[in-house]
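What follows is a short report on a single structure.
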Amino acid sequence: MWTWTESRLRSRLFKRSLPERNFNPDMIIAIDGPSGAGKSTLGKRLAKELGLLYLDTGAMYRAVALYAVRQGTDTANKDEMTRAADEVEISLKGDPENLAVLLNGEDVSEAIRTPEVGQTASVISTHTGVRRALVERQRQLGDNAEDGAVLDGRDIGTVVFPNADHKFFLTAKPEARAKRRFEEDAAKGRAVSLERTIDEIAKRDQRDATREDSPLTIAEDAVVIDTSEMGIEEVFERMIAIVRSER
Ligand code: DC
């Protein structure tokens with residue numbers, strides 16, 4: 001059986017013979033970074049601009065978290081959580097701007113966005129069995145995407161696609177990230193205080209960066225962008241210029 005790298009290499013060699021396009025065929029773009037750094041907004045923009053599949057890997061961890069809570073699974077129990085991640089059916093449907101997350105066929109796009117599900121996702125993502133199941137699925141989805149994919153998460157450039165064509169690590173000061181997350185939540189009518197958002201971001205940062213399996217780290221070859229003082233447009237222009245210049 002081919003490994004994912006071999007199958008990707010073969011598909012690349014085949015696609016290399018296709019007519020020249022303005023970017024690499026089957027391109028993989030990895031965007032990693034902490035919560036609230038702008039990964040999903042920029043991932044969607046890049047995917048749309050380049051006609052690539054967009055994969056929000058955090059949404060997959062959130063969907064497993066929601067499933068576990070609904071099933072009454074003990075989220076601290078690694079065996080029970082591994083079983084839950086293995087049995088659950090998660091799919092991502094639609095274009096980058098309107099990505100729907102389906103959990104066993106049910107649209108949970110809204111339900112997975114609560115701060116509680118975010119915290120639970122951060123807890124269950126520490127289990128190696130859960131990560132293994134989701135990483136495998138992410139590789140399949142990325143490899144099978146027709147022209148390539150933009151994936152955003154915490155371990156894309158380090159673990160999921162270490163050979164990604166482009167790796168970005170987006171970061172921002174904790175206060176800037178908390179403020180953005182708070183404004184997003186407020187716009188959606190979720191009543192949370194800025195203090196609580198700051199506290200939640202700090203807890204998640206700590207857990208995501210210190211877990212044993214695939215902690216949030218910067219890949220050696222990633223382009224690091226601090227978005228604290230930058231507008232989305234500015235960050236986008238910088239990223240797209242890099243992708244287009246390094247064909
Ligand atoms: O990006 P997000 O806030 O939706 O992610 C929710 C949690 O999922 C995050 O706290 C850590 C985990 N996660 C992960 O461990 N690896 C990824 N590739 C994506 C998310």
When every residue in the range 50-86 that is out of contact with any strand residue (DSSP E or B) (no Cβ under 8 Å at 6 or more places or on another chain) and within 11 Å of the ligand (Cβ to nearest atom) is compared, the one farthest from F236 (Cα to Cα) is A65
The range 138-247: strands (runs of 3 or more DSSP E) wholly inside it with 1 or more residues that are hydroxyl-bearing (S, T, Y) are 166-171
Restricting the range 195-209 to residues that are more than 12 Å from the ligand (Cβ to nearest atom) and among the β-branched types (V, I, T), the one nearest to R113 (Cα to Cα) turns out to be T197
Restricted to the range 137-173 and to residues being over 16 Å from the mean Cα position of the chain (by Cα) and either without any contact (Cβ under 8 Å) to a residue 40 or more places away in the chain or buried (at least 19 other Cβ atoms within 10 Å of the Cβ) (or both), the residue nearest to the ligand (Cβ to nearest atom) is A172
Restricting attention to the range 185-208, does a residue exist that is touching a Gly at 6+ places or on another chain (Cβ under 7 Å), over 30 Å from R132 (Cβ atoms), of a type outside the set (S, T, N, Q) and surrounded by 17 or more Cβ atoms within 10 Å (Cβ to Cβ)? no
Quick count over the range 84-101, residues being open to solvent by 30 Å² or more (accessible area, probe 1.4 Å) and in contact (Cβ under 8 Å) with a residue 12 or more places away in the chain, is 6
Within the range 104-117, the count of residues that are within 16 Å of the chain's Cα centre (by Cα) and more than 10 Å from A63 (Cα to Cα) comes to 0
Those residues of the range 35-79 that are closer than 20 Å to V130 by Cα, open to solvent by 10 Å² or more (accessible area, probe 1.4 Å) and under 11 Å from the mean Cα position of the chain (by Cα) come to a total of 4
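The values are calculated or read from the model by the stated rules, or taken from the named source; none is laboratory data. In this text the structure is predicted, and so the values were computed from the model without any measurement. Note that each Cβ is placed from the backbone with ideal geometry, even for glycine, and that neighbours are counted across all protein chains shown. Ligands, DNA and RNA are excluded from the accessible area calculation, which covers all protein heavy atoms including side chains. Shrake-Rupley method; radii C 1.70, N 1.55, O 1.52, S 1.80 Å.
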